[in-house]
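The values are calculated or read from the model by the stated rules, or taken from the named source; none is laboratory data. Note that this is a predicted model, so its numbers are computed, not measured. Here the Cβ positions follow ideal geometry from the backbone for every residue, glycine too, while neighbour counts run over all protein chains shown. Areas reflect the complete protein model, heavy atoms only, side chains present, ligands, DNA and RNA absent. Shrake-Rupley method; radii C 1.70, N 1.55, O 1.52, S 1.80 Å.
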Amino acid sequence: MEHAENEHAEGADSAATAATGRVVLLTTSHRVAPGVLSWPAWQALRSADRVLCPDDRHPQLPYLREAGVEAVVAAPTAQELVEACAGGRTVVVLAAGEGDRALTDGLARLAGSGRVAMPDLELLPGSYDLPGARLLDLVEVMDRIRRSCPWSSRQTHRGLAKYAIEEAYELVEAIEDGDREELREELGDVLLQVVFHARVAEEDEDAPFSVDDVAGALVDKLVHRHPHVFGDATADTPEEVKAHWLRTKAVEKQRTSVTDGVPLGQPGLALASKLAGRVRAAGLDVPPPAGPGIGYELLAMAVRAEVEGVDPEAALRAAARAYRDAIRAAEARPAG
């Protein structure tokens, strides 16, 4: 008897659920090409009794129509949506890119009131962001800033050059400080320089290129210089990897000197260390020149640091930071 009553109760619950219907809130990512939806999303759209979309400019609408899915442009209230599900109907709502906060809040209030028989509610992601998807947002935002900002719209590569140097130094400082929040922010600032310059480059009349061209060239370079990852070559140590890199780079650049491509505008210690590294990697016997003055002494020290595997620029910065701390400590001591 008790078993029969339980079965009767469960059957009544199922009937009630079927009578109240089902609401599917279908979300999509604007960073994925329109029309590229998951199979569960297409199943829900094709089997729904009604498909509603509050935004008549939603990018998915043309693709739904092309696939034979009738989508009605309408922005129902929570109460209207519940009523549309009466009789066991399924209604799919194609959510706007920023979401439908008013609708979801309204449904939550109705459910919390306890006075309304609510349909089943399901949140169904129709597409997902891939890694790196937010870079698309960055490109879009940079494009709008370039077109609309009075300052940004007038910038040139030459005018922006100093900011690239400043941001690179601030990134190095964040790394040395070990501040993770600062590191994330400074990486963003360095990335901004790349995207900004690429956007400026699109407007060049003679040789325009875009951020996609920049990324594409970088991908090709990385693949070509890592034959041990993308090809048949082998490299089991960092030294072998570096040898691969230098060989492929030499073929690409067709340089006549190991000093080709070393920027002379970089800080002096870094420049000296870079030249010493090129000499050592090439197996050349070129000792640093000796001469009067502190410049030659610093050159000799930078070459020695490179041989010992020490970054002279970083070592000097660390010493300078210690000096700064000593100065602050002296300033903090009471006078006299």
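Let's see how each residue does on (1) farther than 29 Å from Leu45 by Cα; (2) hydrophobic (A, V, I, L, M, F, W, C):
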position: Thr104; (1), (2): no, no
position: Leu110; (1), (2): no, yes
position: Leu135; (1), (2): yes, yes
position: Glu140; (1), (2): yes, no
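Restricting the first member to the stretch 128-140 and to residues that are within 19 Å of Leu37 (Cα to Cα), and the second to residues that are open to solvent by 50 Å² or more (accessible area, probe 1.4 Å) and modelled with pLDDT under 95, the beta-carbon pairs closer than 6 Å and six or more apart or on different chains are Asp129/Arg31; Ala133/Arg31; Leu136/Arg31.
Is it true that Ala161 is modelled with pLDDT under 95 and under 25 Å from Gln266 (Cα atoms)?
Working: modelled with pLDDT under 95: yes; under 25 Å from Gln266 (Cα atoms): yes.
When the stated conditions are applied, Ala161 passes them.
Please work out which residue is modelled with the highest pLDDT, limiting yourself to the stretch 230-254 and to residues that are in a helix (DSSP H, G or I) and open to solvent by 90 Å² or more (accessible area, probe 1.4 Å). Among those residues, the one meeting the criterion is Phe230.
Out of Ala315, Ala302, report the one residue that is free of Cβ contacts under 8 Å to residues at least 12 places away in the same chain, closer than 30 Å to Arg247 by Cβ and either surrounded by 13 or more Cβ atoms within 10 Å (Cβ to Cβ) or of a type in the set (Gly, Ala, Ser) (or both).
Ala315
Of the residues making up the stretch 170-216, those that are in a helix (DSSP H, G or I), closer than 18 Å to Asp143 by Cβ and among the acidic types (Asp, Glu) number 2. Filtered by the rule that a residue be open to solvent by less than 90 Å² (accessible area, probe 1.4 Å), closer than 21 Å to Leu160 by Cα and not aliphatic (A, V, I, L, M), the stretch 175-202 gives Glu186, Gly188, Asp189, Gln193, Phe196, His197, Arg199, Glu202.
A single member of Leu124, Leu135 is touching a strand residue (DSSP E or B) at 6+ places or on another chain (Cβ under 7 Å) and either in a helix (DSSP H, G or I) or more than 25 Å from Gln266 (Cβ to Cβ) (or both), and it is Leu124.
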